[in-house]
Amino acid sequence: MNISHMRTLVTVVEQGSFSAAAKVMGVSQPAVTMQVQTLEADLGVTLFDRKYRKLELTEAGEALLPFARSVLAEVDNARSEIERLSKTVTGRLIVAASTAPGQYMLPKILGGFLREYPQVGVVIQIADTTQVVEAVASGQAHLGITGAKVAGTKVVYERMGSDDLIVICPKDDALATGPVELSALAEAPFIMRESGSGTRLATEKILREASIDTAELHVVTELGTSEAIVSAVEGGLGVAVVSRLVAEKALALGTIAEVSTSGFPATRPLFAVLPRGTRTRAAEAFLGHLQSTQA
């Protein structure tokens, strides 16, 4: 059954004639007659009795009328709800983010977003870069923020600000005393992020470009968070590459030192990771907010 035909049926009943319904609908009377006849043919029944210039519903017409009115009311409600949604951003927004942007960038800008869109509930999930991308690609997260791209994944990347990677060492380490060659890091005990981390991917790329074989690094341990790495460096375990955002507090306290070496600080882009399909209004609003704060 065609909704337009049901709307014509209800209008004819309410106006009392085909001609009056045609005037209200802004169409010709034959057009109204054709729509009613099409509805009758679809249902296989006669909906109106036309006797002595008086139009009356048949038994079938009487049975259909309340359903037609109910359907039209639901359609109108749906239109109203869609119109309301187009003006108001609501709902639950899940943002997956790698460590540095998730723990140090997003919390600082989240307050402004929630003041502008108070009806949105935001959940931030911290994971490594590979997991962030997989969450967005699979629909488990509405968008993501990472410090690296993952090849071969079905997502869209959009540049969103930048972050500096630095080399850190224990505060009393010889590497902290002055500029050193990047090759010296290959001989030092090295603390790495786990495989799949954006920081690790960026670090390995920088070292390879300096002709340093990452397989020959003296990696003493791999840790799952940048905070754990900073703590390990504070404990004298070795050197590491981390985001300046993560290290700045320990640097300010003097519990670690920044190593001056070629290739660092290394500025890496941050990316919004977006699904290829349609995004929710909350995700679009959050993306717009990110763009305005990172401009």
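The values are calculated or read from the model by the stated rules, or taken from the named source; none is laboratory data. For clarity, every value in this text was computed on a predicted model and none was experimentally measured. Please note: Cβ atoms are built from the backbone with ideal geometry, for glycine as well, and neighbour counts cover all protein chains shown.
Figure legend. Inter-residue proximity from the range 111-138: first residues among the small types (Gly, Ala, Ser), second residues assigned to a loop (DSSP other than H, G, I, E, B), beta-carbon distance below 8 Å, spacing 6+ or different chains. Indicated pairs: Ala127/Ser98; Ala135/Ala127; Ala135/Ala141; Ala137/Thr153; Ala137/Lys154. The number of residues in the range 6-26 being surrounded by 14 or more Cβ atoms within 10 Å (Cβ to Cβ) and either on the phi > 0 side of the Ramachandran plot or not in a helix (DSSP H, G or I) (or both) comes to 1.
Val45 satisfies every condition listed in (1) within 23 Å of Ala73 (Cβ to Cβ); (2) loosely packed, with under 12 Cβ neighbours inside 10 Å except (2).
Considering only the range 105-119, state which residues are surrounded by fewer than 18 Cβ atoms within 10 Å (Cβ to Cβ) and either in a helix (DSSP H, G or I) or aromatic (Phe, Trp, Tyr) (or both). So that I can check it myself, show each step before the final result.
The initial filter retains those residues of the range 105-119 that are surrounded by fewer than 18 Cβ atoms within 10 Å (Cβ to Cβ), namely 107-112, 114-116, 118-119.
Pro107, Lys108, Ile109, Leu110, Gly111, Gly112, Leu114, Arg115, Glu116 - these are the residues of the range 105-119 that are surrounded by fewer than 18 Cβ atoms within 10 Å (Cβ to Cβ) and either in a helix (DSSP H, G or I) or aromatic (Phe, Trp, Tyr) (or both).
Criterion applied to Gln35, Gln29 was being surrounded by 12 or more Cβ atoms within 10 Å (Cβ to Cβ), polar (S, T, N, Q) and more than 47 Å from the chain's Cα centre (by Cα), and the one residue passing it is Gln29.
Give the residue that is farthest from Thr280 (Cα to Cα), with candidates limited to residues of the range 120-155 that are part of a strand (DSSP E or B) and of a type in the set (S, T, N, Q). This residue is Thr146. Within the range 159-188, the set of residues being in contact with a Leu (Cβ under 7 Å, 6 or more places away or on another chain) and assigned to a loop (DSSP other than H, G, I, E, B) comprises Ala188 only. The set of residues from the range 202-260 being within 13 Å of Ala186 (Cα to Cα) and among the basic types (Lys, Arg) comprises just one member, Arg208. Here Leu217 passes the criteria (1) surrounded by fewer than 18 Cβ atoms within 10 Å (Cβ to Cβ); (2) over 22 Å from Ile126 (Cα atoms); (3) not aromatic (Phe, Trp, Tyr) except the one numbered (1). Within the range 219-259, take every residue that is over 28 Å from the mean Cα position of the chain (by Cα) and hydroxyl-bearing (Ser, Thr, Tyr) and give me the one that is farthest from Leu106 (Cα to Cα). Of everything passing the filter in the range 219-259, Thr221 is farthest from Leu106 (Cα to Cα). Residue check: Val89 meets all listed conditions (1) at pLDDT below 90; (2) of a type in the set (A, V, I, L, M, F, W, C); (3) more than 30 Å from Glu284 (Cα to Cα); (4) not in a helix (DSSP H, G or I) but one, namely (3). Listed by first and then second residue, the pairs linking a residue in the range 30-43 that is assigned to a helix (DSSP H, G or I) to a residue that is surrounded by fewer than 16 Cβ atoms within 10 Å (Cβ to Cβ) and among the aliphatic types (A, V, I, L, M), with Cβ atoms under 8 Å apart and 6 or more places separating them unless they lie on different chains, are Leu39/Met1; Asp42/Met1; Leu43/Met1; Leu43/Ala60.
Within the range 250-292, the set of residues being of a type in the set (S, T, N, Q) and surrounded by fewer than 14 Cβ atoms within 10 Å (Cβ to Cβ) comprises Ser262, Thr267, Thr278, Ser292. The set of residues from the range 184-203 being modelled with pLDDT under 90 and surrounded by 15 or more Cβ atoms within 10 Å (Cβ to Cβ) comprises Leu185, Ala186, Arg193, Gly196, Ser197, Gly198, Thr199, Arg200, Leu201, Ala202, Thr203. Going by the structure shown, is Val220 in contact (Cβ under 8 Å) with a residue 40 or more places away in the chain and β-branched (Val, Ile, Thr)? No; evaluated as a whole, the condition is false for this residue.
Would you confirm whether any residue within the range 198-211 is under 20 Å from the mean Cα position of the chain (by Cα) and closer than 19 Å to Arg159 by Cα?
As a first pass, look at the range 198-211 and keep what is under 20 Å from the mean Cα position of the chain (by Cα): 198.
Subsequent filtering for residues that are closer than 19 Å to Arg159 by Cα retains 198.
Yes.
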